[in-house]
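The values are calculated or read from the model by the stated rules, or taken from the named source; none is laboratory data. Bear in mind the structure is a predicted one, so any value in this text is a computation, not a measurement. Cβ: placed from backbone, ideal geometry, glycine included. Neighbour counts: every protein chain shown. Note: areas computed on protein heavy atoms with side chains; ligands, DNA, RNA excluded. Shrake-Rupley method; radii C 1.70, N 1.55, O 1.52, S 1.80 Å.
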Amino acid sequence: LSVGRITPSKGHDLIINVVSDLIKSGLDLKLKIIGGVIQDYHLKYLESLKKLVNDLKIDESVEFSGPVSSDEMPEYLRTSEILINAVPFGGLDKVVLEAMATKTPVVVTRKGGIPLAVKDGVNGLFIRPRNPKEISEKVNLLLKDEILRTKIGQRARKTIIERFTWEKVAHRYERIYNEFRK
């Protein structure tokens, strides 16, 4: 699963190529891309992604779902084996935390706030931005090792419960606010 607005910065083209290579190596997998377009430029990029899928002859293995509601997202995450987030910059994407909450292992870049939640090899796996070889290795590892995938998913859920519930986040904000108020 890959979630994010359809823009070149999200790395969907890279993920599609990686999935194509994994399929050609004999893995039976499907990629679902969830995300909408905001501008005409994004629509052109979406069309280029669909053409890439067609050119790679993996039409049966890639689905573009468009945007989904926040009520629908947990089900998409729960039914996915892995969330890939190859974005090279930014903060801590909410979808990474949501995936971890549903025990879905994450393959993510070490960007922005992600290391606050993800510990490599413990509750997720890190990749370098725009590095297809690393993405392929990490996805392949998780797909072939169900025990590792399950352990990482369980540890990810534990991380969310211990550190990222609304109550715990609100408490941290309140503590910070009170420190600066003095």
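For the chain, the longest principal axis of the Cα atoms and the long axis of helix 40-55 meet at an angle of about 50 degrees. For the chain, the solvent-accessible area with a 1.4 angstrom probe is 57 square angstrom per residue. Here are some pairs, 10/144; 30/119; 24/151; 51/111; 119/151; 94/158; which of them have Cα atoms lying more than 18 Å apart in this structure? In this structure, 10/144; 30/119; 24/151; 51/111 lie more than 18 Å apart at Cα.
Counting only protein heavy atoms and a probe of 1.4 Å, the accessible surface of the range 6-50 is 52% carbon and sulfur. Ranked by the mean number of other Cβ atoms within 10 Å of their residues, highest first, the peptides 68-74, 82-88 fall in the order 82-88, 68-74. Percent relative contact order of the chain, based on C-alpha pairs within less than 8 angstrom and at least six residues apart? Once divided by the residue count of the chain, the mean separation gives 20 percent. The peptide list 118-126, 53-61, put in order of mean Cβ contacts within 10 Å with the highest first, becomes 118-126, 53-61.
Relative to the dominant Cα principal axis of the chain, helix 12-24 is inclined by about 60°.
Packing-based ranking of 7-17, 31-41 yields 7-17, 31-41, ordered from highest to lowest mean Cβ neighbour count within 10 Å.
Charged neighbours of residue 164, selected by a Cβ distance under 12 Å, balance to +3 (K, R count +1; D, E count -1). Scaled to the globular estimate 2.2 N^0.38 Å, the Cα spread of the range 1-73, given as radius of gyration, is 1.08. Each part reduced to its alpha carbon centroid, the range 120-182 and the range 1-77 end up 22 Å apart. Give the shape of the chain as rounded, prolate or oblate, defined through the alpha-carbon gyration tensor: a ≥ b ≥ c are the square roots of its eigenvalues, a/c under 1.5 means rounded, and otherwise the shape is prolate if a/b is larger than b/c and oblate if not. It comes out prolate by the Cα gyration axes.
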